[in-house]
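Quick note: the coordinates plus some simple rules give every number you see, no bench work behind them. All values derive from a computational prediction rather than experimental measurement. Cβ atoms come from the backbone with ideal geometry, glycine included; neighbour counts cover every protein chain shown.
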């Protein structure tokens, strides 16, 4: 189908791809950090004043006007902020999140900063200490304040599909709280603590899912369950047997609850998991756990070849991501970005089931010209039928 015969709205395009139907064109999605966002707006000639509050990874929501001019089909919408303020630091470069994890702003070459975890509050905790810890409250009224009205506005007054994250990670949040090395040792040496910690985290994340799905679920097209990074670039972080024994039961219950509640609000909605790295060995389990969408399909990770993933799992999973953020987007030429995007469309788009996107939040060192080249490649190669 060529450009002149387009017939779908942005939301219709996304929904078709999620349903493993071929839309008019491969949908385009993106998350972005504040410096890259400012650079992109300047490149596009957009003079738009915004009060931006960067998230944990310095990511910011994309304004609908920017998304429309750039050509996105999907918007990642934020949620409210708790009225209860987290612990404050005397150091202006340090801050604490709602879980009590300390983060430090690390300057980046060329400007901007990144937030690095610098203190795990439960590093020395025992099972008994978990009862006295100051846990976040998912029922804090600030979490849903104004959220339904904004989601309704985007749904009713724009064509964009809506993606959001409500409850977050369980496995990954555990090692934020405990420290990665300590938590991985716990999984071998202290399984009682692991079980207690994962149980508590999952309970809280379920609370966030409960209140926010109740408030906005009828407008949500994709619910990103969490960022459960299970892999390095070479191998999984934990073995498949350990995952099945210690982690899967918690995720399976949480995912089943969130998906069941979401589908009552929007029967066409899907659930998505973000998991970086070499995670192909987990995919059969995640499919059994009723996962719909896998993000980010990291190109440089072992075992994540897009042609092989599509052949093995393309009838069961929709793929979101694929565009390399380690080399191609920050350091590649415009032509390299074009050809890389073309490859992932060729591999993952046939038959539907692909949403093209960078594999992570776009960083400040990515030239806006390369983002435009990715967008232009979707326009050039992404119309159905895919003949590349």
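Taking the Cα atoms only, what angle lies between the long axis of helix 147-157 and the longest principal axis of the chain, rounded to 10 degrees? Between helix and principal axis, roughly 10 degrees. Going by neighbour counts of Cβ atoms within 10 Å, the residues 276, 356, 119 line up, fewest first, as 119, 276, 356. GNM on the chain, alpha-carbon springs under 10 angstrom: the most fluctuating residue among 334, 127, 60 is 127. Placing a pseudo-label 7 Å from each Cα along the Cα-to-Cβ vector at residue 232 and residue 302 gives an inter-label distance of 0.9 nm. Taken along the Cα-to-beta-carbon direction at a fixed 7 Å, the label points for residue 126 and residue 150 span 4.3 nm.
Angle of helix 34-44 to the longest C-alpha principal axis of the chain, folded into 0 to 90 degrees and rounded to 10: 10°.
With the largest listed first and rounded to whole Å, the semi-axes of the equivalent ellipsoid of the chain from the Cα gyration tensor are 32, 24, 22. Ranked by how many other Cβ atoms sit within 10 Å of their own Cβ, fewest first, the residues 259, 290 fall in the order 290, 259. Each of residue 263 and residue 47 was given a label point 7 Å from its Cα along the Cα-to-Cβ line. The distance between the two points is 5.1 nm.
Where a ≥ b ≥ c are the square roots of the eigenvalues of the C-alpha gyration tensor, would you call segment 44-164 rounded, which needs a/c under 1.5, or, failing that, prolate if a/b is larger than b/c, or oblate?
Working: a/c = 2.77, a/b = 1.52, b/c = 1.82.
Oblate is the answer for segment 44-164, as a/c is 1.5 or above yet b/c matches or exceeds a/b.
The calculated FRET efficiency for the pair residue 88 and residue 380, based on their C-beta separation and a Förster distance of 56 Å, comes to about 0.65. Among 117, 374, a tally of other beta-carbon atoms within 10 Å of each Cβ gives an order, fewest to most, of 117, 374.
Once C-alpha pairs closer than 8 Å and six or more residues apart are averaged by separation and normalised to the residue number of the chain, the relative contact order reads 22 percent.
Could you calculate the contour length gain from residue 245 to residue 285, that is, 0.36 nm times the residue separation minus the distance between their Cα atoms, to one decimal place in nm?
In short, 13.2 nm is gained.
For the chain, the 222 nm mean residue ellipticity estimated from helices alone, with every DSSP H stretch of n ≥ 4 adding -39500 (n - 2.57) and the total spread over all residues, rounds to -11500 deg cm²/dmol. For segment 310-388, what does the relative contact order come out to in percent, with C-alpha contacts under 8 Å and a separation of six or more? Relative contact order, segment 310-388: 41 percent.
Starting from the Cα gyration tensor of segment 166-323, take the square roots of the eigenvalues, sort them a ≥ b ≥ c, and report rounded, prolate or oblate (rounded when a/c is under 1.5, otherwise prolate if a/b is larger than b/c, else oblate). Since a/c reaches 1.5 but b/c is at least a/b, the shape of segment 166-323 is classed as oblate. Relative contact order (percent) for segment 107-191, with alpha-carbon contacts under 8 angstrom and 6 or more residues of separation? Result for segment 107-191 is 42 percent. Spatial offset of segment 173-247 relative to segment 368-384 amounts to 34 Å, using the alpha carbon center of each.
The distance linking segment 1-72 with segment 265-312 is 22 Å (Cα centroid to Cα centroid, whole angstrom).
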